[in-house]
Amino acid sequence: MTRKKKELPLLEKVTITDVAAEGKAVAKVNDLVIFVPYVVPGDVVDLQVKRKKNHYAEAVAVKLHEKSPMRVEPFCEHYGVCGGCKWQCLAYADQIRYKQKQVYDNLTRIGKIELPEISPIIGSEKTMYYRNKLEFTFSNKRWLTEEEVKQDVKYEQMNAVGFHIPGAFDKVLAIEKCWLQDDISNQIRNAIRDYAYEHQYAFFNLRTQEGMLRNMMVRTSSTGELMVLLQCKIVNDEELEKMKELLQFVADKFPQITSLLYVVNNKCNDTIGDLDVCVFKGKDHIFEEMEGLRFKVGPKSFYQTNSGQAYNLYKVARDFAGLTGNELVYDLYTGTGTIANFVSRQAKKVIGIEYVPEAIEDAKVNSELNGIKNTLFYAGDMKDILTEDFIRTHGRPDVIITDPPRAGMHGDVIQVILAAEPERIVYVSCNPATQARDLQLLDVKYKVKAVQPVDMFPHTHHVENVVLLEKKIH
């Protein structure tokens with residue numbers, strides 16, 4: 001006999017009071033903290049509890065009684081379903097205000113260190129079409145919205161190209177128009193979709209690992225160049241020929257594409273790091289430009305996805321570094337060497353370290369491309385490369401710039417930084433929570449002198465934060 005599932009309560013006329021992590025908002029009912037998506041502080045709503053624990057609950061808003069003055073009308077037809085851009089219903093001025101608060105709360109509550117006044121966040125000039133890269137997934141399992149299910153909509157075409165639905169790895173929401181990237185991205189995706197429908201191309205099934213069309217990436221750049229990469233499963237010559245017919249259609253219809261690429265991927269995952277990328281038309285890369293510097297961006301390259309804000313972020317990092325031309329700079333987690341090359345003209349020498357070997361090759365190419373001769377790059381795990389021996393060999397850094405992944409820096413790396421005793425540390429982070437943890441560890445020798453948040457991702461809860469640390473005088 002199965003136990004009857006306990007019915008969870010409907011809470012009426014609850015006022016949303018604050019924002020929380022992961023783009024959710026928060027309310028409190030009788031000391032129970034409730035996390036709710038797609039609402040904003042000041043909304044008065046009925047909440048259907050979906051999950052309840054001892055100290056918190058998760059709920060969805062089922063009725064809106066009063067709209068918050070901060071609430072705005074979402075502009076995307078896919079809002080609330082695709083899982084991205086959760087803050088579209090929150091006015092942009094309020095988004096950046098809450099991001100500023102997020103940085104402050106993390107640094108004070110987690111870091112528990114002495115802080116200067118945090119500079120006002122640098123907002124993004126573009127809040128739509130600001131991304132330079134998007135990836136879309138092909139699937140033969142189209143996600144049906146609650147409305148479509150209720151209306152018993154029957155689709156003859158259950159193939160879809162779009163974004164994965166959160167919590168449903170094999171389902172894809174069919175995207176008609178995405179506002180994140182230049183509209184050429186929508187035109188290309190929809191044209192490929194329509195051609196594939198008309199010519200009966202098989203869309204991928206993630207469960208059975210069957211089907212030809214898997215994934216599509218579009219990169220745009222500030223130089224006007226355009227890259228499209230199609231990822232397919234190909235098991236015979238006939239399918240390869242069919243794939244090339246599709247690519248020829250794309251090349252003819254969109255002559256502005258400067259780099260049209262494809263990858264044959266017969267593995268069980270969509271990663272292409274270990275696969276050969278084939279050029280169908282044009283070059284195998286595009287260029288980004290910043291202050292006259294050109295950066296080569298390939299299909300596997302990491303580059304900040306908001307080009308305009310990347311420039312603002314790097315300017316802050318360079319200003320915080322306080323370079324005079326005489327400094328040895330270590331750039332940790334250098335990626336494709338963007339920051340290293342960006343600050344090189346103001347430094348004596350810059351040494352970049354990065355885990356991904358292909359990224360380091362790009363970094364070297366970018367130095368060569370721009371005639372930069374005072375950079376050195378090394379590939380490998382940070383904690384294995386950045387050792388006391390490495391510092392003895394290459395010299396004690398005057399400045400360390402570090403831009404680690406979301407998990408922050410490994411404890412061993414922090415210990416080597418402390419032992420190296422640079423005059424200044426510039427810590428760039430996409431996760432103020434792990435940054436705060438690391439700052440606490442660095443606090444034994446370093447004092448936070450300046451904090452500058454930068455909004456890279458409008459309509460999401462994510463924020464980049466740059467912190468300047470200077471050596472304490474003992």
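The values are calculated or read from the model by the stated rules, or taken from the named source; none is laboratory data. What you are looking at is a predicted structure, and each value in this text was computed from that prediction instead of being measured. A quick note on method: Cβ atoms are made from the backbone with ideal geometry, for glycine too, and the neighbour counts reach across all protein chains shown. The accessibility values were calculated without ligands, DNA or RNA, using every heavy atom of the protein model including side chains. Shrake-Rupley method; radii C 1.70, N 1.55, O 1.52, S 1.80 Å.
Some observations on this one:
- Carbon and sulfur %, accessible surface of the chain computed with the full protein complex present, 1.4 Å: 50 percent
- The packing ranking of peptides 251-262, 220-231, highest mean first, is 220-231, 251-262, where packing means the average number of other beta carbon atoms within 10 angstrom of each residue.
- Distance between the stretch 440-474 and the stretch 314-339 - C-alpha centres, whole angstrom: 15 Å
- Centroid-to-centroid separation of the stretch 74-114 and the stretch 348-401 [C-alpha atoms, Å]: 34 Å
- The trypsin sites (Lys or Arg not before Pro) of the stretch 32-132 that DSSP puts in a loop, and whose beta carbon has at most 13 other beta carbons within 10 Å, are 53, 112, 126.
- In the stretch 70-171, the chymotrypsin sites (Phe, Trp or Tyr not before Pro) that fall in loop regions by DSSP, at most 16 other Cβ within 10 Å: 75, 129, 155
- Using the 1.4 Å probe convention, the accessible area of the chain works out to 47 Å² per residue with neighbouring protein chains retained.
- Accessible area of residue 26 in the full protein assembly, 1.4 Å probe (Å², nearest 10): 20 Å²
- Charge dipole (debye, nearest 20) of the stretch 189-286; +1 at Cβ of Lys and Arg, -1 at Cβ of Asp and Glu: 320 debye
- Across the chain, the mean sequence separation of Cα contacts (distance under 8 Å, 6 or more residues apart), normalised by length, yields a relative contact order of 13 percent.
- Among the listed options (1) 24.6; (2) 23.2; (3) 22.1, the one matching Kirkwood radius over Cα pairs in Å as calculated from these coordinates is (1).
- Part-to-part distance (alpha-carbon centres) for the stretch 255-276 and the stretch 177-222, which is given in Å: 13 Å
- The lysines within cross-link reach of residue 445, meaning a Cα-to-Cα straight distance under 22 Å and a gap of 8 or more places when in the same chain, are 112, 383, 471, 472.
- Cα gyration tensor category, rounded, prolate or oblate, for the stretch 389-474 with a/c compared to 1.5: prolate
- Where trypsin sites (Lys or Arg not before Pro) fall in DSSP loop in the stretch 299-353, at most 13 other Cβ within 10 Å: none
- Taking the helices alone, the chain has a mean residue ellipticity at 222 nm of -7500 deg cm²/dmol, built from -39,500 (n - 2.57) per DSSP H run of at least 4 residues and averaged over all its residues.
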